[in-house]
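Below is one structure, written out as structure tokens; the observations come after it.
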Amino acid sequence: MKIIKRDGRVVDYDPEKIKIAINKANEEVEEEERASATQIKNIIKHIEGLKKKRMLVEDIQDIIEDKLMSIGKNKLAKEYIIYRYTRALVRKSNTTDESILSLIKNSNKDVMEENSNKNARIASTQRDLIAGEVSKDLTKRILLPEKISKAHEEGVLHFHDADYFLQPIFNCCLINIGDMLDNGTVMNGKMIESPKSFQVACTVTTQIIAAVASSQYGGQSVEIKHLGKYLRKSYDKFKKKLTAKWKGKIKDEDIEELVQDKLKEELSAGVQTIQYQINTLMTTNGQSPFVTLFLNLEKDDPYIKENAMIIEEILTQRYEGIKNEKGVAVTPAFPKLVYVLDEHNALKGGEYDYLTKLAVKCSAKRLYPDYISAKKMRENYEGNVFSPMGCRSFLAPWKDEKGNYKFEGRFNQGVVSINLPQIGIIADGDEEKFWKLLDERLDLCFEALMCRHHALLGTLSDVSPVHWQYGAIARLPKGEKIDKFLKDGYSSISLGYIGIYEVTKLVKGVSQTEPEGKEFALKVMNKLKDACAKWKKETGLGFALYGTPAESLCYRFARIDKERFGNIKDVTDKGYYTNSYHIDVREKIDAFSKLKFESEFQTISSGGAISYVEIPNMRHNLKALEELVKFIYENVQYGEFNTKSDYCHVCGFDGEIIVNDDLEWVCPNCGNKDKNKMNVTRRTCGYLGENFWNEGKTKEIKARVLHL
């Protein structure tokens, strides 16, 4: 049996600790009131007879109290309660020593691996993680109601980002970058005026990104369209200067060529500034800023030509990669890129199809960009197209006092996720019991989410001037409360969910891809969505259903349930739960069918959803990938590719491992030929599951493996 301590640690069960605790209480009462060795043994035997795989330490203590009273040892039970309370006071004085010391010694595996974007071994990052351990401790012991903390520990729900809950900061946002660039901002008490050129605008943008990231804990997004006017300013500056110098001396078309050359140099330098500064800056929470660039060409934008140039340069530089310490070009983690597909670039003969072809080429090599269908998004969000916050969470449409839709300058207050498979396990095939238990646990999630909201109420704008006083979210006076931005749906507050696939298996015995399973899965999804709508109506807050992008949580919930309930086929035996509504990775389904099936769930999960497909190395077959992108535009709001690529473990090269004349795999960077020190993907023709490819010349295509 495993025991869950109050600080969340899991330790082995030790009956000696029960004996010691009762005997400590025995010492405080007269001999006739004491529990005998046999009675203590019987209490221990009762606890062990429950045959639980996992117990909270508080539950064991409750049992001891009940057993002492049941055998007439009321005074002893009272002394035990006093002993327990005294120990609780000692614990409340400091419970973080062990977790912090193990972090410094690099042995706190859970904390070190929780965030893959942080290097937990360097001092600056450890400072943030140490603060996080203190925050988690105080959150569990003092800030949250005991039943919420207990639910978190038991895997009933997950209270996200408890390591930041101590501070009045929020999750993720859409930076109002247009306002900050056009009207200026202030950072570190210094005025930053509106830029006069593209490169300066890029520099200011990265400074804003770093400042914003240091005062929140989730991702942020920046709409690139606001940089177009500054590229135009640079063009006008170069045109004026070169015309003054060369007018009448050379042809006008030669002057224009000189202007374009200068503009391209500035464009390249400005985009490089964004890419390199984001990857080299370190925020106060010990990582590079978690930032997404939203690449959207709006047809009525007066700067659409300039924005097309900027997007082309961003994609080109991402394709080239960033050199690591060994000088090898690798794929940077940030900024993440989200590319919008619309009529003019959806590979249907539009003017900007060339950009989408470049995006596809980039996806094949560097994983990004992700793709948003403007067509599907307009259907789901009252005709609007806007960026997700950070990576995957979406706001609901909201209008200002003038009746205009507003998305930039809004944010998310936080997330609580529900463990759906655990409800299915406990229901044990009883569907009526499942729905009743789901209602109870949704009520608990609501209470937990309201804790997030109440923690932000009353926050003063001074807590983060860049957010609240200087334009990222608002321009409030010093000392003013932020409360109005927490209410009336301006900001979102999210209910996440894990394991639609597993809960369908548990309750219906079939996958969600089967008709009976799909009907049930959609019913569960709509139940979650209706709960958010109900809470929103009752409170006026922007509750939203969010397909949680929490891969580590998929493992945490599964681990807790496996320890408690044992191996359950297709559920806990896998070691993970399936994220949100996704189809299990082991199901045999082609890429197109997967995207089409999941698109129906995306519509329900309006607070955030993404569907991805695993595809082979497609660098030699971009045509097939282009067909998949076209399919996304017509069918899926938000799609992503997980492509398998080559990698050399000797030098870090993540380009394509080549085959020499002797049919040996060779790293073109360092010459490594040891297959045990490289990952090599299969080369296929690009068949993705439908008879569409090869331009209709054949209806049956077979994957062909080269040199394998």
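Applying the selection to segment 58-83, what residues are among the aliphatic types (A, V, I, L, M), within 17 Å of residue 2 (Cα to Cα) and buried (at least 17 other Cβ atoms within 10 Å of the Cβ)?
Looking only at segment 58-83, we keep the residues that are among the aliphatic types (A, V, I, L, M), and these are 60, 63-64, 68-69, 71, 76-77, 81-82.
Narrowing further to those that are within 17 Å of residue 2 (Cα to Cα): 60, 63.
60 - this is the single residue of segment 58-83 that is among the aliphatic types (A, V, I, L, M), within 17 Å of residue 2 (Cα to Cα) and buried (at least 17 other Cβ atoms within 10 Å of the Cβ).
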Considering only helices (runs of 4 or more DSSP H) wholly within segment 54-145, the ones with at least 3 residues that are modelled with pLDDT of 80 or more are 57-70, 74-93, 123-138
Subset tally (residues that are more than 12 Å from residue 154 (Cβ to Cβ) and either assigned to a loop (DSSP other than H, G, I, E, B) or open to solvent by less than 60 Å² (accessible area, probe 1.4 Å) (or both)) for segment 557-572: 8
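Going through segment 165-198 one residue at a time, which ones are buried (at least 22 other Cβ atoms within 10 Å of the Cβ) and assigned to a helix (DSSP H, G or I)?
Start the filter on segment 165-198 by keeping residues that are buried (at least 22 other Cβ atoms within 10 Å of the Cβ), which leaves 165, 170-177, 180-181, 185, 198.
177, 180, 181, 198, listed by residue number.
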Considering (1) part of a helix (DSSP H, G or I); (2) closer than 30 Å to residue 55 by Cβ, say which one residue 495 fails and leave the rest. (1)
So which pairs qualify, if the first residue must be in segment 213-236 and more than 17 Å from residue 281 (Cβ to Cβ) and among the acidic types (Asp, Glu), the second must be modelled with pLDDT of 95 or more and not in a helix (DSSP H, G or I), the Cβ gap must be under 7 Å, and the two must be at least 6 apart or on different chains? 223/294; 223/296; 223/387; 223/408
Restricting to segment 391-445, count the residues that are polar (S, T, N, Q), in contact with a Leu (Cβ under 7 Å, 6 or more places away or on another chain) and within 17 Å of residue 520 (Cα to Cα). 1
Return a yes/no flag: does segment 155-164 have any residue that is farther than 29 Å from residue 462 by Cβ, in a loop (DSSP other than H, G, I, E, B) and touching a strand residue (DSSP E or B) at 6+ places or on another chain (Cβ under 9 Å). yes
Strands (runs of 3 or more DSSP E) within segment 313-424 that include 1 or more residues of a type in the set (Asp, Glu) and touching a residue at least 60 places away in the same chain (Cβ under 8 Å): 370-373
Members of segment 499-523 found to be under 16 Å from residue 557 (Cβ atoms) and assigned to a loop (DSSP other than H, G, I, E, B), listed by number: 499
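The values are calculated or read from the model by the stated rules, or taken from the named source; none is laboratory data. Only a predicted model underlies this, so the values are computations on that prediction, with no experimental measurement involved. A quick note on method: Cβ atoms are made from the backbone with ideal geometry, for glycine too, and the neighbour counts reach across all protein chains shown. Calculation scope for accessible area: heavy atoms of the full protein, side chains included, ligands and nucleic acids excluded. Shrake-Rupley method; radii C 1.70, N 1.55, O 1.52, S 1.80 Å.
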